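**Student:** My questions all concern the structure below.
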Amino acid sequence: MQKHFEDIFEAAVDAIGYAASDEAILLVNRAFSELTGFSKEELLRMNARDLIPEQHREQRDRVVAQVLQTGRPVEYEIDYLRKNGSQVPVSITLFAVKEDDGKPTGLAAIVRDFTERKRAVEQFRLVVEASPNGMLMVDEDGTILLVNQQIEQLFGYERAELIGQPVEMLVPQRMRSHHAGDRAKFFAHSESRAMGKGRDLYGVRKNGQEFPLEIGLNPVRTPDGLRVLASIVDISGRKRAEQALQKERDFIDAVLETAGALVVVLDREGRILRFNRACEQVTGYSSEEVMGRTVWDLFIIPDEVAGVKAVFERLRGGEPRSDYENYWMGKGGFLRRISWSNTVIADFGGKVDYVVSSGLDITDIKSMQEQLRKTERIAELGTLASGMAHEIGTPMNVILGRALLWRVLSTKGRRFGSDFPLTGPRAWLLPLHQPPLPEKFDRRLVIFCRNLRQKGVVICCNSHQTLGS
Amino acid sequence: MTQDRKSAVVLIAEDDREMRSLLCDELYDLGLSIREAADGDEALRSVLDTRPALILTDLRMPAGGLDYIARLRTFAPGVPLVLITSFGDQQTKANALALGVEAYFDKPVRISELKEAVRRLLGPALDGEID
């Protein structure tokens, strides 16, 4: 059994040593010899205090006295002197070895090389320090254990003012009680997550000024217990940008919603993303009803679907803008004529993301134009009729007058004698081919017919009719 | 454009030569002295020169229209005006009558009715019809 213990003692990874009450070294294992660089023989001739650098001896003596006095083990960190004069950071668990009567007869120490751990801790510190975010570590009590430079700048405190203080000092007064409760819950169910999900978080600077911040929480398990490393970002700038953006959106919304023009925004598949109030009023559809649906499924009459799709394809293909006119069919099946101006919003690569269409309901204007056109036509017709009446009325008057005159004269046989053959009530229906007609009448009739032909009027003359029959 | 006679003078204003000729022939037969005018300006000059007993005028001719009728009325306030027009709608007729036109005829006019109106308006001033 003794042999087994000796083998275990010798093979242990940790350095183990035993010293008498006066700290004369009595027993060391191989690992102890390797750690210090002294051989076993050399160590057995040394006092344990010889391994402690001069400046740490006083601190170390207090620990030894405490162990001997209380009988309870103590863990502490210190540097050991090596044979080559260098120092090695170690973690020592020191406990008293007692007689059966309880009186201490010596001290045993389990010594671990702390170099790697110390290096890891240092690396951790450097990483934290170099972080662009504010980094802060707290223990379960909420005591600040570590901060980086960003935290100092962010909150306006010196590092020394923060270490050892409750983290609630960085939380606005009105939120402190909640924060302590939330912290306790987090330690009970710790996982990496963003803090205060769904609500705005604020910090308070040394000067009392509050500012919005975002906090990421990371639980870290250390030999000393659970710690939380918090990453803190000041989002004042982002909040300001968000507010400015929101203000701009509100403004655009107000403009779009109060504009008389129809404004509809489509994605590159033609689905409706935006449908302003004017669109709602013209179509009878609410914005919610049309979201995500295509305009040609909802509003375009079958005859115009191909044309509208062609315009959309050209826009999607890179045409920067276009104008188009088509009908929109409203909810009740009524039609409105809309004049559209279309443009596109493309990404940095030129790919069209959105098509923005602004339209004017020109149904009433069209109707008025049509009415005006009709009115103008009627006026034109009046002018034409007036002209025609003038063109026809005057020569007709001459022909009628002359014909009557000739009839009278022929009856009386005064001026034309037997050359003029017409008598009776239908004498004005003259056989045109039949010479000799009186000069005035003949010339007038020819001119009259020619003028009317120029105006598109066709004269039908029955040259075979026998007058007076 | 004058046919001298010692009888009542009638001014015939008509831009259509044939129509004017017809009217002249017809009214000449009433034993009247005829003055002719081919447009509104000539008619107004003739009114000032000859002081006609009656004016027979077209409405739609160069320098014509209702303004011309109003001027005729001003230059010859007591002279009967007979208006012949090709396209006289109700409004034109009403306007013309409001300006003091005594007789109004739409073309084509019945010569007999026209002569009757002239006879009626001239009354005693008419010497006698050529038979």
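Bear in mind that the values in this text are calculations on the coordinates, not laboratory data. Computed from a prediction, not measured in an experiment: that's the story for all the values here. FYI the Cβ positions are ideal-geometry reconstructions off the backbone, even for glycines, and counts take in every protein chain you see.
**Student:** How high is the relative contact order of segment A:244-361, in percent, with contacts defined as C-alpha pairs under 8 Å that are six or more residues apart?
**Tutor:** That works out to 25 percent.
**Student:** Taking just the alpha-carbon atoms of segment A:1-149, what radius of gyration and Dmax come out, in angstrom?
**Tutor:** Rg, Dmax (Cα atoms, Å): 18.3, 60.
**Student:** In percent, what relative contact order does chain B have, based on Cα pairs under 8 Å that are 6 or more apart in sequence? Walk me through the numbers before you get to the answer.
**Tutor:** Values: 222 pairs, mean separation 35.3, N = 131.
Computed value for chain B: 27 percent relative contact order.
**Student:** Same structure, new question: Could you tell me the center-to-center distance, by alpha carbons, between segment A:225-245 and segment A:30-91 in angstrom?
**Tutor:** 47 Å
**Student:** Can you give the helix-only mean residue ellipticity at 222 nm for chain B, where every DSSP H stretch with n ≥ 4 adds -39500 (n - 2.57) and the sum goes over all residues, rounded to the nearest 500 deg cm²/dmol?
**Tutor:** On the way: 5 runs with 54 residues, N = 131.
Mean residue ellipticity, 222 nm, calculated: -12500 deg cm²/dmol.
**Student:** For segment A:132-209, run through the trypsin sites (Lys or Arg not before Pro) and keep only the ones in DSSP coil with at most 15 other Cβ atoms within 10 Å of their Cβ. Present the calculation step by step, with values, prior to reporting the outcome.
**Tutor:** On the way: sites: A:Arg159, A:Arg174, A:Arg176, A:Arg183, A:Lys185, A:Arg193, A:Lys197, A:Arg199, A:Arg205, A:Lys206; in loops: A:Lys197, A:Arg199, A:Arg205, A:Lys206.
Within segment A:132-209, the qualifying trypsin sites (Lys or Arg not before Pro) (loop, at most 15 other Cβ atoms within 10 Å) are A:Lys197, A:Arg199, A:Arg205, A:Lys206.
**Student:** I've got another one for you. Pop a pseudo-label 7 angstrom from the Cα along the beta-carbon direction at both A:Ser86 and A:Arg240 and give the gap in nm to one decimal.
**Tutor:** 5.2 nm
**Student:** Taking Cα pairs under 8 Å and at least six residues apart, what relative contact order does segment A:118-234 come out at, in percent? Could you put the intermediate results ahead of the total?
**Tutor:** Numbers: 193 pairs, mean separation 30.8, N = 117.
Normalised by residue count, the contact order of segment A:118-234 is 26 percent.
**Student:** Additional query: Quick one: P(r) of chain B from all Cα-Cα pairs, 5 Å bins, percents rounded to integers, in order of increasing distance.
**Tutor:** Final binned percentages: 2, 11, 24, 26, 23, 10, 3, 0.
**Student:** Quick one: give the max-minus-min coordinate of the C-alpha atoms of segment A:137-213 along each principal axis, largest first, in Å.
**Tutor:** Here the spans come out as 32, 24, 20 Å, largest first.
**Student:** May I pose another question? What is the sum of charges around A:Phe32, taking Lys and Arg as +1, Asp and Glu as -1, for the other residues whose C-beta is under 15 Å from the C-beta of A:Phe32?
**Tutor:** So the environment of A:Phe32 carries a net charge of -3.
**Student:** Right, something else. Count neighbours as other Cβ atoms within 10 Å of each site's Cβ, and list the trypsin sites (Lys or Arg not before Pro) in segment A:44-126 that are DSSP loop with at most 13 such neighbours.
**Tutor:** Taking segment A:44-126 and a limit of 13 other Cβ atoms within 10 Å, the loop trypsin sites (Lys or Arg not before Pro) found are A:Arg45, A:Lys83.
**Student:** Please list, by residue number, every one of the chymotrypsin sites (Phe, Trp or Tyr not before Pro) in segment A:259-334 that is coil in DSSP and has at most 16 other beta-carbon atoms within 10 Å. Write out the running numbers ahead of the final one.
**Tutor:** On the way: sites: A:Phe275, A:Tyr285, A:Trp296, A:Phe299, A:Phe312, A:Tyr324, A:Tyr327, A:Trp328, A:Phe334; in loops: A:Tyr285, A:Phe299, A:Phe334.
Within segment A:259-334, the qualifying chymotrypsin sites (Phe, Trp or Tyr not before Pro) (loop, at most 16 other Cβ atoms within 10 Å) are A:Phe334.
**Student:** At 37 °C and a viscosity of 0.692 mPa s, what translational diffusion coefficient does Stokes-Einstein give for the protein assembly as shown, taking Rh as the Kirkwood radius over Cα pairs? Give it in µm²/s as a whole number.
**Tutor:** On the way: Rh = 38.2 Å.
My calculation gives 86 µm²/s for D.
**Student:** Taking a 31 Å limit on the Cα-Cα distance, which of the listed pairs A:Lys3/A:Lys103; A:Lys83/A:Lys103; A:Lys366/B:Lys93; B:Lys93/B:Lys115; A:Lys309/A:Lys366 fall beyond it?
**Tutor:** Working: A:Lys3/A:Lys103 27 Å; A:Lys83/A:Lys103 33 Å; A:Lys366/B:Lys93 37 Å; B:Lys93/B:Lys115 20 Å; A:Lys309/A:Lys366 24 Å.
Pairs exceeding the cut-off: A:Lys83/A:Lys103; A:Lys366/B:Lys93.
**Student:** Follow-up question, since we're still on this one. Mind scanning A:Lys239/A:Lys351; A:Lys239/A:Lys331; A:Lys206/A:Lys239 and naming the pairs with a C-alpha gap bigger than 32 Å?
**Tutor:** A:Lys239/A:Lys331
**Student:** I'd like the distance between the alpha-carbon centres of segment A:281-301 and segment A:358-381, rounded to an integer number of Å.
**Tutor:** Each part reduced to its Cα centre gives a spacing of 28 Å.
**Student:** How charged is the neighbourhood of A:Leu81? Take every other residue with its Cβ under 13 Å from the Cβ of A:Leu81, and add Lys/Arg as +1 and Asp/Glu as -1.
**Tutor:** On the way: positive: A:Arg49, A:Arg57, A:Arg60, A:Arg82, A:Lys83; negative: A:Glu42, A:Asp50, A:Glu54, A:Asp79.
So the environment of A:Leu81 carries a net charge of +1.
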